[in-house]
Each structure stands twice: as C-alpha cells, then as structure tokens.
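To start, the structure itself, in structure tokens.
Taken together, the values in this text are just the output of simple stated rules run on the coordinates, not laboratory data. Everything numeric here is computed off the predicted structure, so don't read it as measured data. FYI the Cβ positions are ideal-geometry reconstructions off the backbone, even for glycines, and counts take in every protein chain you see.
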Amino acid sequence: MPAQPDVAAPPSSASRPAFDWRSFRSRLDVKSAPYLYIAPFFLLFALVGLFPLLYTAFVSVHKWGLVTGNQGFIGLDNYQAVLDQPRFWQGMGNTFSIFLLSSVPQIILAIFIAAVLDANLRAKTFWRMGVLVPYVVAPVAVGLIFNQMFADQSGFVNAIFANIGLPAVGWHADAFASHVAIATMVNFRWTGYNALIVLAAMQAIPRDIIEAAVVDGASRLRTFFSITIPMLRPTLIFVIITSTIGGLQIFDEPRMFDQIGLGGNDRQWMTITMFMYEVGWGNQRNFGRAAAVAWILFVVIVVIALLNYWLTSRIASSGAATAKLHGASRLLGTTKGDRR
Amino acid sequence: MSAPQMPVGMIEQVAGKGAARAARRRRGMDQGIRRPGWLTYLMLAVILVICAFPLYYAFLLASTNATYIAQNPIPSLIPQGQFLENVVRVLSADIKFWQAVINSVIVAVTTSISVVFFATLAGFSFAKLRFRGRNGLLAFVIGTMAVPTQLGIIPLFIVMAQLGWVGNLLSVIVPAMVTAFGVFWMTQYLSEALPYELIEAARVDGCSMIRTFWHVALPAARPAAAMLALFTFVASWTNFFWPFVVLGSSNPTLPVALQLLQGTYFKDMALIMAGVVLATIPLLVLFVVAGRHLVSGIMAGAVKG
C-alpha cells in the first residue's frame with residue numbers, strides 16, 4: 001500500500017493496467033464518505049436517544065432499584081403501581097394545567113408581538129434583540145427570580161397588588177395560583193423567541209396578497225385575521241408542536257419554585273417529570289416505576305402532539321398556505337421536494 | 001419622472017449600502033409602507049421593559065441584604081451598595097461556584113465545537129453528496145427532533161453508572177456532541193450556500209472527500225456554523241435537568257450550583273440573586289456581542305433548539 005496521504009489523483013491520470021489502487025481508493029472514498037460523515041449523528045442518536053428510550057420500556061417491566069439494579073421481570077406491575085398513586089394523577093393534572101396556561105397565552109402574545117415588530121420600524125434589530133433577552137436567562141435563574149417575585153409574603157407581585165387595592169394571592173399556597181406563576185416563567189422565557197419565528201413567517205407572506213385584500217376594501221383587522229393568520233399556519237403548527245414536546249416535560253421552573261423542589265407541601269405544582277425524578281432518585285429509588293412514568297408520558301406527548309397538529313390544521317385551514325413559508329413547511333420541504 | 005431610475009440593488013453595488021438606503025427612503029419604498037406612529041414604539045417599549053425587568057430586579061436584590069428585602073418588597077429602582085460584597089460571598093460559599101463556572105465553560109465550549117464540526121460534516125454529506133437512502137435518512141434525522149429524549153434518562157443514567165461517568169463531565173458532554181437540530185440546520189444552509197461547481201473544482205484538483213470538506217465546505221459554512229455554535233452554547237449553559245441528575249452536587253455546572261445555592265441559603269435572597277446575576281452575565285455579554293446573529297438565526301431557521 002503506497003504510503004501516500006489522502007491526495008487521490010483524478011482517475012484519468014492513473015494508467016497502470018493491473019489493479020489500480022489509486023482509483024480504487026478514490027472510488028471507495030466517494031462511495032463511503034457520505035455514510036462516514038453522517039455516521040456520528042446516527043451512532044450517537046442510537047446510543048443516547050433511541051436505545052435509552054427503548055430500554056426504558058425494558059426497565060419499566062422489571063423490578064429495578066437505583067441501588068439494587070435489576071431484580072427480575074414483573075410484567076405490568078410498575079404501571080399498575082404508578083397508575084394507582086394519586087400523586088401520579090395529580091402530577092398529570094398539574095402538568096396539563098401549567099402547559100395550557102403557558103402555551104395558549106404565549107402563542108397569542110407571540111403573534112401580537114410579531115405583528116408589532118412587523119411594522120416598518122426604526123432600529124429594527126434593537127427591538128428584535130430586546131424581546132430575545134429572556135432567552136439567555138437560564139430556566140433555573142428564571143425560576144429563582146420569579147420565586148422571589150411571587151413570594152407569598154413580602155413578594156414583589158403581592159406588594160404591587162396591595163398598592164392598587166387587590167387582595168394578596170397565595171402564589172405558592174394555592175394550586176392554581178402557583179400554576180399561573182410557573183406558566184408566567186415559561187411565557188417570560190419563550191414568548192419573544194416564538195415571536196421572532198412568527199415574525200419571520202409574517203415577512204415571508206407576499207405583500208401583494210395583503211395589498212390585494214386592502215384594495216378589495218378589507219379593514220386592517222380583517223386582513224390580519226383572514227389573510228395573515230391563515231398564512232401563518234405551518235409556522236404556528238411548528239411552534240405549537242415544539243412547545244407541546246417541551247412543555248409537557250417541564251421540570252426546571254417548578255423545581256426551583258421553592259427551596260425543597262418537590263412541588264410544594266401538597267405537591268400542588270409537582271409536574272410529571274418531577275414525579276418521575278422523585279420516584280427514581282428520591283425516596284422510592286425505584287427505577288422500574290420511574291421508567292413506567294417516562295413511558296406513559298412519552299405516549300401522552302405523542303398523542304397530544306398529533307392532536308394539536310390535527311386541531312391546528314383544522315382551525316386555520318380557511319386560507320391556502322404558500323409553500324415558501326418558514327417553519328414547519330420548511331421542515332417538511334426538505335424531505336419532499338428535494339433538489340436534484 | 002425623467003430618466004429611467006437605477007434599481008436600488010444596483011445603487012447598493014455601485015455606491016454602497018448607505019446610498020441604497022437613502023434611495024429607498026427617497027422613493028418611499030421601504031417595503032411600501034410608512035413608518036409606524038408613536039403608539040407602536042410605546043407598546044414596544046413596554047414589552048422591552050417587561051423582558052428586561054426581571055433581570056434588573058435580580059440585580060437590585062443582589063445589591064441589598066436579607067433585611068432590606070424583607071422590609072422592601074418593592075425594591076428601590078436605584079441599586080444599593082452591596083453587590084460586590086454579595087458576589088464575594090457567593091464565590092466563597094460552600095457550593096463550589098468557581099468549579100461550576102469552569103465546568104460550564106468546559107461543557108459549553110466543547111459541545112459547541114463538537115456540534116458544529118459533526119453537524120457540518122453530516123450537513124455537507126446530506127446537502128451535497130449523492131448516496132443511496134439520503135432522503136430517507138434525512139427524514140429520519142428530522143423526525144428525531146420530535147422525540148422527547150429526556151424521557152430516556154433512566155437507562156442513560158444506568159449506562160453512565162456502568163461507565164463510571166456519574167459525576168464526570170463526560171456524561172454531560174458526550175450525549176450532546178451532535179444534535180439533529182444542528183445536522184438539519186447545516187444541511188439547509190449548505191444546500192443553498194455551497195455551489196456544486198466549487199466541490200467539483202476541488203475534486204478535479206485532486207482533493208479527497210475529507211479535504212474537500214475541510215477546504216471548501218467548512219469555510220463556506222462559516223456564517224451558519226457561528227450561529228449554530230451560539231445556539232449550542234446558550235442551550236448548554238442553561239441546561240439543567242440532565243446535569244442535575246447525573247452530576248449532582250459533587251461536580252456541578254452553573255445551573256446545578258444555583259439550585260444548590262437555593263437549597264443551602266434559601267433565607268438569603270440577596271446572596272441567591274447575586275449568584276443568578278453572576279451565572280447570567282457571561283450569556284448577557286455574549287448576547288450584546290452576538291445577539292443580532294441569534295435574532296437572524298431564529299428568523300432564518302425558524303426552529304426551536
């Protein structure tokens with residue numbers, strides 16, 4: 001084997017009649033390189049993404065402790081045990097409550113902010129950067145800050161309430177109020193980010209369509225709801241799906257909402273991921289049951305994501321979406337209409 | 001109108017950006033709409049204040065002490081004088097804050113470099129090389145973005161325990177070395193930004209595939225690579241759940257250290273807020289320097305990391 005480095009000559013310059021090592025190497029290079037270059041992703045995903053997820057199913061049907069390890073197959077007992085715990089259902093309820101309180105206002109606000117940013121502003125970049133500031137604050141830090149702002153006694157929000165004559169709210173004591181506080185943290189961090197995504201989609205809407213509507217005598221509001229919103233559909237689907245996947249796994253913000261991190265005295269803001277952590281690494285140290293919780297949540301996320309997809313595409317189906325939008329259509333675009 | 005007007009694009013090429021902007025303004029074609037009124041700016045200002053206030057609030061509390069906070073639920077908008085004092089207390093607190101800073105830097109830097117390298121490699125392959133199964137594999141990559149992999153942490157933890165990596169930074173770095181988002185992002189960019197002619201030219205000149213990648217694709221990918229590095233850095237710096245589970249208090253990253261700070265000194269809000277501010281400053285600096293790239297990154301990709 002010639003001790004040459006990777007400089008493969010063009011095939012034509014090789015002229016030996018017998019086995020052509022150089023052109024063989026070059027051909028091998030061309031054939032194998034594409035697979036070699038994408039291999040790291042697939043290897044890593046197999047090892048830290050797919051395998052753990054499938055293995056979770058395996059762990060969930062075994063008696064398995066954090067310290068003790070695998071102690072044998074027990075069928076669906078873990079699922080039974082989990083479903084029998086009131087805490088599990090409480091966690092599910094809390095998670096959905098927080099999720100709804102954070103996703104619905106967030107989408108509406110993001111569309112509103114995007115519409116404001118879509119105006120022909122001076123210092124565009126400054127305003128756009130402004131709404132993105134919360135994104136660089138870690139969820140843990142957001143949790144700590146808002147924990148203090150929403151303190152039941154001598155908290156910032158309650159003090160403001162007192163000043164304008166409203167009664168104090170038990171932001172930690174009351175279950176629903178704590179959900180509102182935690183949802184506020186999520187909204188704080190992600191609304192600006194999503195507004196920029198929506199803004200990008202708004203700017204991709206061809207101006208002549210909007211002008212045509214205006215010429216036809218549609219009011220600005222009417223144009224917005226009948227043209228802009230339907231044209232945003234692919235992007236909105238994308239934003240909603242991603243916020244579903246992230247939102248139902250929420251952990252950081254509620255974990256930081258008090259110093260104990262279990263979700264309150266009565267677990268009034270304990271989410272399902274916190275429950276999973278408590279089962280696996282807390283008092284119970286039961287990996288089998290924690291794995292069962294993980295799988296149940298996995299199925300729930302898939303179902304809700306599909307449901308959201310179906311709902312969003314029905315609600316906003318009145319207008320024809322152009323293919324040239326950003327977001328979801330772009331995501332799908334690469335798989336379908338591929339160049340060459 | 002007398003003479004035929006020069007297109008603005010041409011003005012930009014001939015006379016520069018400023019002239020083009022002036023021409024656009026003269027012709028009133030700034031996207032064909034007039035400037036918005038003061039009400040719009042007022043709304044934006046309110047939004048901006050809401051976005052920035054919590055962070056400023058943290059700084060205000062960090063410049064006081066526990067007694068002041070208890071007595072003044074609404075702090076004075078002018079910072080009090082004890083910020084540095086509190087910073088010193090955080091740094092000397094019993095939570096390995098320095099180690100957390102170093103750990104966070106190590107994790108964020110290595111994952112950013114690694115993600116950019118492997119994602120560009122895969123993106124080059126998906127965007128510019130032809131091979132059997134390409135479309136299917138790319139669809140698979142995109143599909144994995146929708147998989148809530150956080151739910152696989154139990155087996156992942158078992159694996160890390162087997163490897164003896166619990167409490168070791170490798171357990172946080174290795175799983176994050178390449179992401180589906182990164183691969184997708186670089187594929188998108190390179191398929192538009194890298195002409196086939198360049199690759200062919202390099203090949204004709206006798207470059208092997210890997211040299212073509214190194215000398216042609218990697219330089220062409222630079223703008224998108226910078227954005228990807230930014231997003232990866234922010235995501236890594238703010239990541240909590242997995243480091244919290246696998247590293248624990250013995251070898252924390254910054255978010256884990258903040259959680260420890262809260263658990264240990266929960267009565268001392270000024271101290272905790274000083275920690276929050278300290279942990280956020282590096283990203284704020286990064287944001288001031290490169291925030292515009294984050295903005296255009298989000299708007300170009302319209303993808304959530």
Contour minus Cα-Cα span, A:F73 to A:R87, at 0.36 nm per residue, comes to 2.6 nm
Heads up, the range B:66-123 by the C-alpha gyration tensor (a ≥ b ≥ c square roots of eigenvalues; a/c under 1.5 rounded, else a/b over b/c prolate, else oblate) looks prolate
For the range A:251-256, in residue order, the Karplus 3J(HN,Hα) values (coefficients 6.51, -1.76, 1.60; θ = phi - 60°; whole Hz; Gly and Pro = x) are 9, 4, 5, x, 4, 8
Listing B:E197, A:E278, A:E253 by rising number of other beta-carbon atoms within 10 angstrom, fewest first, gives B:E197, A:E278, A:E253
re chain B: pairs of Cα atoms spaced beyond 25 Å account for a percent value of 65 percent
Projected onto the charge dipole of the protein assembly as shown (unit charges on the beta-carbon of Lys, Arg, Asp and Glu, signs +1, +1, -1, -1), the Cα from B:L286, B:T238, A:F51 with the largest positive-side position is that of B:L286
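Using the beta-carbon distance between A:Q80 and B:K267 and R0 = 35 Å, what value does 1/(1 + (r/R0)^6) give for FRET efficiency, to the nearest 0.05?
Numbers: r = 42 Å, r/R0 = 1.21.
That gives a FRET efficiency of 0.25.
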If A:H62, A:H179 are placed from fewest to most neighbouring beta carbons inside 10 Å, the sequence is A:H62, A:H179
Listed residues A:S32, A:S219, A:S178; largest mean-square fluctuation, Gaussian network over chain A with Cα springs below 10 Å, found at A:S32
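Volume per residue, Å³, of the convex hull around the alpha-carbon atoms of the range A:86-333?
With only Cα atoms used, the range A:86-333 gives 155 Å³ per residue.
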With Cα springs under 10 Å, the Gaussian network model of chain A assigns the largest mean-square fluctuation among A:S154, A:S26, A:S60 to A:S26
Chain B: longest segment with zero exposed trypsin sites (Lys or Arg not before Pro), where exposed means DSSP loop plus at most 16 other C-beta atoms within 10 Å, is residues B:133-266
Averaged over residues of A:108-116, the number of beta carbons from other chains lying within 10 Å of each residue's Cβ is 2
Which of B:V245, B:V105, B:V204 fluctuates most in a GNM of chain B (C-alpha springs under 10 Å)? That residue is B:V204
For the range A:86-333 the mean separation of alpha carbon contacts under 8 Å (6+ apart) over residue count, i.e. relative contact order in percent, is 28 percent
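Any idea what the dipole of the range A:86-333 comes to, in debye rounded to 20, about its Cα centre with Lys/Arg Cβ at +1 and Asp/Glu Cβ at -1? Before the final figure, lay out the partial values.
Details: 16 positive and 11 negative charges, 116 e Å.
Roughly 560 debye for the range A:86-333.
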One point scatterer per Cα, no solvent, Debye formula: log10 I(q)/I(0) for the protein assembly as shown at q = 0.08, 0.11 Å⁻¹ comes out as -0.67, -1.21
